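S.K.: Here it is: the structure, laid out below.
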Amino acid sequence: MRGAVAFSGLALAITLGLLAQSTALSALGRLAPLWVLLPTSVLAALRLVVDLRAVPDAPPSPHETRRRQLRITAWLAGVVVSVYLFGFLPAATVFLFLFLRVETETRLRSAAITTSATVAFVYLVFGVLGGIAFPEGALF
Amino acid sequence: MLESAWQGLQIVFSWPNILFPVGATLLAMFVAFVPGISGMTLMALAIPWTFGWGEIPTLLFFGALVGGGTFMGSVTAILFNIPGNAPSAATLLDGHAMARNGQAQTAIACSASASALGSTVGIALLIALIPLLRRVLTAIGPLELLLLTIWGLLTITLVTRRAPLKGLIAAGLGMAIGFVGRDPRTAELRFTLGLEYLTDGVPVVPALLGLFALAEMLDLYVSGRRTISAEGVDAPLGGSVREGLLAVFRHPLIFLRGSLLGTALGIVPGVGGTVAGFVAYGDAARADHEGRFGKGDIRGVLAPESAIDAKDGGSLVPLLAFGIPGSEGTALLLTALMLHGITPGRELLEGQLTLAFVLIWSLFLSNWLTSILGLAVSRPLARLTVVPAQALVPVILVVLVLAALVERGSFGDLVLMTVFGLAGYAMKEFGWPRVAFVIAFVLASLFETNLHLTLRLYDLGRLDPFERPLALGLFVALALTVALPVARRLGSR
């Protein structure tokens, strides 16, 4: 329930933010955005009120679900940061291996084989056959 | 014209000419199945490979590339919720739901038959229109395009009946995000937050990858499901190839409407397969009175698939008539043809009609070949829905990261995909329809551009709606789209 309210609030905040930015545009530039954002902000405000007044009809998400949500978000953030720092191939290799070992508790040998096979496939198909240059990292 | 058509057909199916469209089709199928290398990339890579080729092999090869990959992009959309190409994003709405329900084979088979038959409709209409191509194109102006996009936006109300308020808000946000970037009329930057990355707008591919593919992978992990279809790894595959193949004949109106919509939208330059797929989906959702769309309804696969492949035939209309590319694919096709001394347009249509038909038949052959070969591998492919999720999630995440990075070589695309992925997961979690967001997002710039052009032409006294029969027809269709459901509801009370 709190999540639903927060999401509705976020939608309203984004709409109002865009609306505020629209006022700084020229008359021609803000015509279509205003036509869209004015009714959207009214509807978003209405939705937030509905969510605030709603009686929860479902139990809150279990602790395990929340934990998994936070963990996958952390993994995702880690992948993005490591791709930026180290480049795609090293980041993908390390992520895949660590995820299999830590999250899914895959055995060392299976994790190594899956990681090697995936990285080799990506390298051959995209790098060699596709002629695509893999992004390099800021550090290496 | 018939003689040229027959000569073109003989050229395509003769030896060794047949090797070119078959080879191109196989290549396009493989590329389309692997997210990250789009059909556009393949066409661009193929141009230097083919520098020494003659006219006929060039037409055969590139004609097949245009149509060869679409179906396989839908296969990844159905199995993994990852659109192999942007137009296939509409297919995943019900296609992946069918896979989760253990109906992957049915969905793939339906996609195969809708693709092949939809492309046949598109090509048949293209051939029928050849004598009228120039008149058809000059009849389409800003007013007609504006009415078409409004109709596309109206379909949002049909796909969000279960959550109309959230649907409208999502659509409004989608449209607002579609306005991000440099305004083409005033050149001022809108909603870019001072970021140079957003100057050209929010890129479609990373946004779609995040909103659907990444969001589904996040959901798969969080839900703790053992496999995509929630069946055990040893479970027998559900679904029926026969049922999927026959879906076109069980729902002929949905198929025909999707194909006609796809062809019509393909004719309009700049609209593209993504728009065609979603508009067809929304149009088909009008027949959903039980609220089954989005939960694995085969009609939700049939409609966009027939539209996406019918669009190929339509997209050749501006190219053949005026030498104007109507899409990225036809722009690359035009480049390839011109580099080989073939100039589409009046010269090709009036002086070398046989060559035009070689292009058309090659496209026809590749669409059918893709569907037949894809169907042959549908069973082993459907097995992937019972692969343990714990192995699948990280592998697909890696592929998605690469797919976001290679499209434009921009790290910003990876960040964007991640943001949209988290937003898409939250939308799914709290019941906000992503399809409403996407339809509005892809139609936003088309809507705004043609709104301004229409108003401007009207102010200058150069636009009289009553002298434009196509616009009047579209207006009547729009009015009926709105009035009929209301009348039906009032009548049922």
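S.K.: In peptide B:395-408, what is the residue-averaged number of other protein chain Cβ atoms found within 10 Å of each Cβ?
M.R.: On the way: counts 10, 0, 8, 12, 5, 1, 9, 10, 1, 2, 6, 7, 0, 0.
For peptide B:395-408, the averaged partner shielding equals 5.
S.K.: Then there's this: Find the relative contact order for chain A and round it to a whole percent, using C-alpha pairs within less than 8 Å whose residues are 6+ positions apart.
M.R.: Numbers: 83 pairs, mean separation 32.1, N = 140.
Here the relative contact order equals 23 percent.
S.K.: Would you mind checking the tilt of helix A:88-102 against the longest principal axis of the Cα atoms of chain A, expressed as 0 to 90 degrees and rounded to 10?
M.R.: Its long axis makes an angle of about 90 degrees.
S.K.: I've got another one for you. At a Cα cut-off below 17 Å, give the lysines reachable from B:K166, other chains included and same-chain residues fewer than 8 away excluded.
M.R.: Here the lysines satisfying the reach criterion relative to B:K166 are B:K428.
S.K.: How charged is the neighbourhood of A:I113? Take every other residue with its Cβ under 15 Å from the Cβ of A:I113, and add Lys/Arg as +1 and Asp/Glu as -1. Each step should come with its number before you reach the end.
M.R.: Working: positive: A:R101, A:R107, A:R109; negative: none.
Net of charged neighbours comes to +3.
S.K.: What does the charge dipole of the protein assembly as shown about its Cα centre add up to, to the nearest 20 debye, if the Cβ of each Lys and Arg holds +1 and the Cβ of each Asp and Glu holds -1? Kindly include the intermediate steps, with their values, before the conclusion.
M.R.: Details: 42 positive and 36 negative charges, 322 e Å.
Roughly 1540 debye, rounded to the nearest 20.
S.K.: Stick to the Cα atoms of the stretch B:82-126, pair each with every other, and give me the Kirkwood hydrodynamic radius in Å at one decimal. Provide the component values of the computation, followed by the final result.
M.R.: Working: mean 1/r = 0.0880 Å⁻¹.
One decimal place: 11.4 Å for the Kirkwood radius.
S.K.: Label A:A6 and B:E55 with points 7 Å out from Cα along Cα→Cβ: what is the distance between them in nm?
M.R.: 6.5 nm
S.K.: Which listed residue (B:A487, B:P83, B:Y221) has the Cα farthest towards the positive end of the charge dipole for chain B, taking +1 on Lys and Arg C-beta and -1 on Asp and Glu C-beta about the Cα centre?
M.R.: Among B:A487, B:P83, B:Y221, the one farthest towards the positive end of the dipole of chain B is B:A487.
S.K.: Write down the radius of gyration of chain B and its Dmax, each obtained from C-alpha positions, in Å.
M.R.: That works out to 21.8, 70 Å for Rg and Dmax.
S.K.: Let me ask another. About the Cα centre of chain B, how large is the charge dipole given +1 on each Lys and Arg Cβ and -1 on each Asp and Glu Cβ? Please answer in debye to the nearest 20.
M.R.: Numbers: 31 positive and 30 negative charges, 248 e Å.
Here chain B has a charge dipole of around 1200 debye.
S.K.: Counting Lys and Arg as +1 and Asp and Glu as -1, what is the net charge of the other residues whose Cβ lies under 12 Å from the Cβ of B:E188? Write down the numbers at each step before the final one.
M.R.: Numbers: positive: A:R30, B:R182, B:R185, B:R190; negative: B:D183.
With Lys, Arg at +1 and Asp, Glu at -1, the net is +3.
S.K.: Would you kindly derive the ³J(HN,Hα) couplings of the stretch B:301-315 from the backbone phi angles with the Karplus curve 6.51 cos²θ - 1.76 cosθ + 1.60 (θ = phi - 60°), listing them in order in whole Hz, with x for Gly and Pro?
M.R.: Result, rounded to whole Hz: 9, 4, 4, x, 5, 5, 5, 4, 7, 5, 4, 4, x, x, 5.
S.K.: With each label point set 7 Å from Cα along the Cα-Cβ vector, what nm distance links A:T65 and A:V42?
M.R.: With each label placed 7 Å out from Cα toward Cβ, I get 3.4 nm.
S.K.: Now for a separate question. Based on the Cα gyration tensor of the protein assembly as shown, what are the three equivalent ellipsoid semi-axes, each the root of five times an eigenvalue, rounded to whole Å and given largest first?
M.R.: On the way: eigenvalues 257, 207, 120 Å².
The three semi-axes for the protein assembly as shown are 36, 32, 25 Å.
S.K.: Follow-up. How far apart, in nm, are the 7 Å Cα→Cβ label points at A:S110 and B:R185?
M.R.: Calculated label separation equals 6.0 nm.
No value in this document is a laboratory result; all are computed from the given coordinates. All values derive from a computational prediction rather than experimental measurement. All Cβ positions, even for glycine, are placed from backbone atoms using ideal geometry, and neighbour counts span all protein chains on display.
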